[in-house]
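Each remark here refers to the structure printed beneath this line.
The values are calculated or read from the model by the stated rules, or taken from the named source; none is laboratory data. These numbers were taken from a predicted model, which means no experiment stands behind them. Cβ atoms come from the backbone with ideal geometry, glycine included; neighbour counts cover every protein chain shown. Note: accessible area is taken over every heavy atom of the protein model, side chains too, but ligands, DNA and RNA are not part of it. Shrake-Rupley method; radii C 1.70, N 1.55, O 1.52, S 1.80 Å.
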Amino acid sequence: EAKQAGKNRLRFFDPQMQDLLNQRLGLEEDLRIALEEQQLVLYFQPQYDHQPKLIGAEVLVRWQHPTRSLLLPGEFMDSARRAGLTPALDRYVLQHACCQLARWVDQTELASLVVAVNISASLLYQPDFVEYLTQILQQTGANPHQLKLELTESLLLDDMPLAAQRMDELRVLGIRFSIDDFGTGYSSMLYLHRLPLDQLKIDRTFVQSLPNDDNSLAIIRAICALGNSLGLEVLAEGVEKPEQRQTLTEAGCQNFQGYLFGYPLPADRFEQQLIQTQTAKI
Ligand code: C2E
Ligand code: MG
Ligand code: MG
Ligand code: MG
């Protein structure tokens, strides 16, 4: 009966909805300030090959909000989108990632680390994106060969010809590309050979249900076969258990990212952690 009443009520007067709306509006305003006052923090999560040898790190943004706890992307990306701040947020992350790359050049363990940055459609499709990135690379002194951009399938399908053009231009600079969350979008194999790709990233949802889910395993096997036959690196995200790593290896996946290998950490703790694991191995 309560459910029935709820259905007929106008949504605007639902106090919970109103709360949510106010909260979101608050975040949208706060986010503008956050970008100006550098409240966004870059976290780095390590990526390993089969040995396991460190091959790179994905940059994951967090928001150190002045009055709330540390916010995860899931808690503020929608607000960013609504406020039209996604391109600004992505630029912020790119710029800080390039600064970090330039800083790490002096550290033996990190000098050649490849850093993967998540890019949204609203930035990739901006007319001056290539110009912007060229500028950032020059200003920071970061090596473009150490920069990888993670793009999702749905982003690429928005405007495939334009995406291909942008990627070709960036490729000339030495930048690499990964398809993020592969397998969750409207997977179309048709576009794969038209784009200058380096990596397919198997989505966490498939990995999570391993080792006992036959459907996930079948999809993972297919992605690995596809990637391997196209000469692309295949990396699995969200690897938490040794059995998942084992099953992935058997399916033909050679590269891993996930809590089993390392949590996302801010730059200084990421460095410490790496030095510790390196010493532990010796
Ligand atoms: P994503 O790019 O697919 O990133 C992987 C997510 O899985 C991250 O969540 C990461 O913390 C989480 N993860 C990694 N390993 C494990 C694991 O072993 N187990 C579990 N349960 N989770 C794991 P996060 O940091 O909350 O990011 C969520 C999404 O937000 C990202 O998904 C990405 O799409 C987006 N995002 C993050 N940073 C940025 C950014 O700087 N710019 C843009 N445009 N999007 C970003
Ligand atoms: Mg990603
Ligand atoms: Mg991903
Ligand atoms: Mg994912």
*Here is a list of conditions, (1) acidic (Asp, Glu); (2) under 15 Å from the mean Cα position of the chain (by Cα); (3) within 14 Å of residue 217 (Cβ to Cβ), and residue 243 meets all of them except one; can you say which number that is?*
(2)
*Which condition number in (1) open to solvent by 20 Å² or more (accessible area, probe 1.4 Å); (2) modelled with pLDDT of 95 or more; (3) in a helix (DSSP H, G or I) is the one that residue 244 fails?*
(1)
*asked:* Considering only residues that are open to solvent by 40 Å² or more (accessible area, probe 1.4 Å) and near ligand 3 (Cβ under 9 Å from one of its atoms), which ones fall in the stretch 197-207?
replied: 204
*Going by the structure shown, is residue 68 touching a Ser or Thr at 6+ places or on another chain (Cβ under 9 Å), open to solvent by 40 Å² or more (accessible area, probe 1.4 Å), basic (Lys, Arg) and within 25 Å of residue 20 (Cβ to Cβ)?*
no
*Considering 47, 100, which residue is surrounded by 15 or more Cβ atoms within 10 Å (Cβ to Cβ), touching a helix residue (DSSP H, G or I) at 6+ places or on another chain (Cβ under 9 Å), within 26 Å of residue 258 (Cα to Cα) and at pLDDT 95 or above?*
100
_Can you find a residue that is more than 23 Å from residue 170 (Cβ to Cβ), at pLDDT 90 or above and touching a Ser or Thr at 6+ places or on another chain (Cβ under 8 Å) anywhere in the stretch 25-41?_
yes
_Any residue that is open to solvent by 20 Å² or more (accessible area, probe 1.4 Å), in contact (Cβ under 8 Å) with a residue 12 or more places away in the chain, within 16 Å of ligand 4 (Cβ to nearest atom) and assigned to a helix (DSSP H, G or I) - is there at least one of those in the stretch 209-217?_
no
*Is one or more of the residues making up the stretch 140-149 surrounded by fewer than 16 Cβ atoms within 10 Å (Cβ to Cβ) and either more than 15 Å from ligand 3 (Cβ to nearest atom) or within 28 Å of residue 41 (Cα to Cα) (or both)?*
yes
_Checklist (1) within 16 Å of ligand 4 (Cβ to nearest atom); (2) in contact with a Ser or Thr (Cβ under 8 Å, 6 or more places away or on another chain); (3) within 30 Å of residue 132 (Cβ to Cβ); (4) not in a loop (DSSP other than H, G, I, E, B) applied to residue 157, failing item_ = (1)
*asked:* Please verify whether residue 58 is modelled with pLDDT under 95, within 16 Å of ligand 4 (Cβ to nearest atom) and touching an Asp or Glu at 6+ places or on another chain (Cβ under 8 Å), treating the condition exactly as stated.
replied: no
*Kindly indicate the residue of the stretch 167-196 that is closer than 30 Å to residue 111 by Cβ, assigned to a helix (DSSP H, G or I) and open to solvent by 20 Å² or more (accessible area, probe 1.4 Å) and also farthest from ligand 1 (Cβ to nearest atom) among those meeting that condition.*
172
*asked:* Just checking, does the stretch 222-229 include any residue being touching a strand residue (DSSP E or B) at 6+ places or on another chain (Cβ under 7 Å), of a type in the set (Ser, Thr, Tyr) and either at pLDDT 95 or above or more than 14 Å from residue 258 (Cβ to Cβ) (or both)?
replied: no
*Sole residue being within 11 Å of residue 202 (Cα to Cα), more than 15 Å from ligand 1 (Cβ to nearest atom) and crowded, with 16+ Cβ neighbours inside 10 Å, chosen from 253, 224*: 224
*asked:* Looking only at residues that are in a helix (DSSP H, G or I) and surrounded by fewer than 21 Cβ atoms within 10 Å (Cβ to Cβ) in the stretch 227-241, which one is nearest to ligand 4 (Cβ to nearest atom)?
replied: 228
